[in-house]
Structure formats: C-alpha cells, structure tokens
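Report on one structure; see the data block that follows.
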Amino acid sequence: MSRLAKKPIKIPEKVTAVLKDKTLEVKGPLGTIKQSVPEGINLVISDDKTPDAAAGAKNISVERVGGDAPKVRALHGLAAALVKNAVSGVTVGFSKELEIHGVGFKAIVEGNNLNMTLGFTHPVKVSIPDGIKVAVDPKQTAVTITGIDKYCVGQFAANIRKIRPPEPYKLTGIRYKGEHIIKKAGKAAGAAGAPAGK
C-alpha cells in the first residue's frame with residue numbers, strides 16, 4: 001500500500017466534497033475542482049472520528065478495489081496525491097514564481113495576455129489560460145503564477161520558461177525563483193587561462 005494513501009485526507013472547514021460517477025467534486029473558498037478517480041481505486045467520504053476533529057468534520061479515504069496488480073498499486077498513491085492537491089487547491093491554492101534575467105528583458109500583463117520582451121526580434125505574447133492568474137512585479141522581471149489546479153499552474157510556468165530557458169554562459173533567460181544555474185566558462189575565458197604555446 002502507498003504510504004501516502006494510508007492516512008485519510010481531512011476535508012477542511014468551508015470545503016465540501018461530493019463523489020458522483022467516479023468524479024470527485026471539491027468546492028472551497030477559492031473555487032471548484034473536479035477530479036476523476038482512476039480505475040481500480042475507490043474513494044470513501046466518511047465522518048472524521050479522530051478525538052480533535054470538529055463536529056461534522058469529514059475525511060476522504062483512498063482504497064484499492066482492483067486487486068494487487070502493479071498498475072493499481074501505482075495508481076493508489078497517485079489518486080491520493082490528486083485528491084490532496086484538489087483539497088489544497090480550493091483552500092490555499094498553488095503558485096509558481098519565475099525570474100527574468102537579461103538586459104532589456106521584461107514582462108507585462110495586458111488584458112488576458114502575458115507580453116514579454118526576451119531579446120527576440122519580436123515581442124512574445126502568451127494567452128493566460130482560464131483559472132490562472134498572473135502578476136508581474138513593478139520592475140517587470142518577476143512573474144507570479146497562481147491558481148487552484150496544481151497541474152495547470154506548473155504546466156503554464158513550464159511553458160513560459162521554455163520560451164527562453166536559462167542560458168549557461170551569460171545566465172540570461174527565464175528561470176524558476178531559487179533555481180540554481182551552473183555557469184559555464186566561455187571560450188574567451190578558457191583561452192585567457194591557457195598557457196602560451198612554444
């Protein structure tokens with residue numbers, strides 16, 4: 001059994017979860033997420049009977065009903081993670097932060113588009129998907145992506161980073177906040193340190 005799926009997932013206050021036709025609908029202060037349940041997995045919504053639980057509190061248990069097949073075992077932990085992410089998403093949400101490095105490189109939100117100047121011959125315009133919010137700092141070099149769907153937030157951030165990945169020589173481009181980029185020595189630097197030939 002997956003260690004992640006052993007413990008029931010607590011449903012916080014102001015969050016409701018309804019299971020219908022193998023689809024879990026989770027509603028919270030930030031919105032609603034519908035998550036399909038993989039084959040061979042069953043979700044059980046029951047009262048939280050722990051001593052410190054509030055009155056009427058509930059939790060979600062993730063159970064395997066498809067036997068002990070490797071595929072079902074693999075889906076067990078995945079299903080628990082998806083349910084946990086759905087509950088967290090409608091409660092506190094998810095975010096990714098990107099940093100833009102380079103002379104003249106910047107970003108700005110205009111309407112439903114993220115417009116970026118990244119050293120190309122033309123500006124780059126990216127449409128912001130539904131359910132995603134994008135904020136840019138006053139210096140226009142830090143982009144914060146937020147939303148209730150962890151996958152959508154992460155995928156959109158990855159798509160933005162892919163437009164101009166970090167360049168290893170001058171370290172320009174788009175990177176995740178806190179991402180460590182190993183700088184490579186350029187040819188000129190390498191030649192300067194080489195011994196003169198006889």
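The values are calculated or read from the model by the stated rules, or taken from the named source; none is laboratory data. If you're wondering where the values come from, they're calculated on a predicted model, not measured in any experiment. All Cβ positions, even for glycine, are placed from backbone atoms using ideal geometry, and neighbour counts span all protein chains on display.
List of remarks:
- Enumeration of residues in region 8-36 that are closer than 10 Å to Val87 by Cα and either in contact with a Cys (Cβ under 8 Å, 6 or more places away or on another chain) or of a type in the set (Ser, Thr, Tyr) (or both): Thr16, Thr32
- Of all the residues in region 31-86, those that are over 25 Å from the mean Cα position of the chain (by Cα) and of a type outside the set (S, T, N, Q) number 22.
- Top-ranked residue of region 13-30 - restricted to ones that are in a strand (DSSP E or B), over 22 Å from the mean Cα position of the chain (by Cα) and surrounded by fewer than 13 Cβ atoms within 10 Å (Cβ to Cβ), ranked as modelled with the lowest pLDDT: Lys20
- When every residue of region 131-150 is checked against the conditions, at least one turns out to be without any contact (Cβ under 8 Å) to a residue 24 or more places away in the chain, within 30 Å of Ile33 (Cα to Cα) and assigned to a loop (DSSP other than H, G, I, E, B).
- Single condition Ile45 does not satisfy, out of (1) under 30 Å from Gly173 (Cα atoms); (2) part of a strand (DSSP E or B); (3) without any contact (Cβ under 8 Å) to a residue 40 or more places away in the chain: (1)
- If you filter region 31-48 down to residues that are hydrophobic (A, V, I, L, M, F, W, C) and either touching a Gly at 6+ places or on another chain (Cβ under 6 Å) or more than 23 Å from Lys71 (Cβ to Cβ) (or both), you find that the one that is modelled with the lowest pLDDT is Ile45.
- Per the conditions (1) small (Gly, Ala, Ser); (2) over 20 Å from Pro8 (Cα atoms); (3) at pLDDT below 95, the sole criterion not satisfied by Ala74 is (2).
For (1) at pLDDT below 95; (2) of a type outside the set (Asp, Glu); (3) surrounded by 16 or more Cβ atoms within 10 Å (Cβ to Cβ), each residue gets a yes or a no:
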{"site": "Ser127", "(1), (2), (3)": "no, yes, no"}
{"site": "Lys133", "(1), (2), (3)": "no, yes, no"}
{"site": "Pro138", "(1), (2), (3)": "no, yes, no"}
{"site": "Val143", "(1), (2), (3)": "no, yes, yes"}
{"site": "Tyr151", "(1), (2), (3)": "no, yes, no"}
{"site": "Gly154", "(1), (2), (3)": "no, yes, no"}
{"site": "Asn159", "(1), (2), (3)": "no, yes, no"}
{"site": "Leu171", "(1), (2), (3)": "yes, yes, no"}
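- Residues in region 59-96 that are part of a strand (DSSP E or B) and crowded, with 17+ Cβ neighbours inside 10 Å: Asn59, Ile60, Val62, Arg64, Phe94, Lys96.
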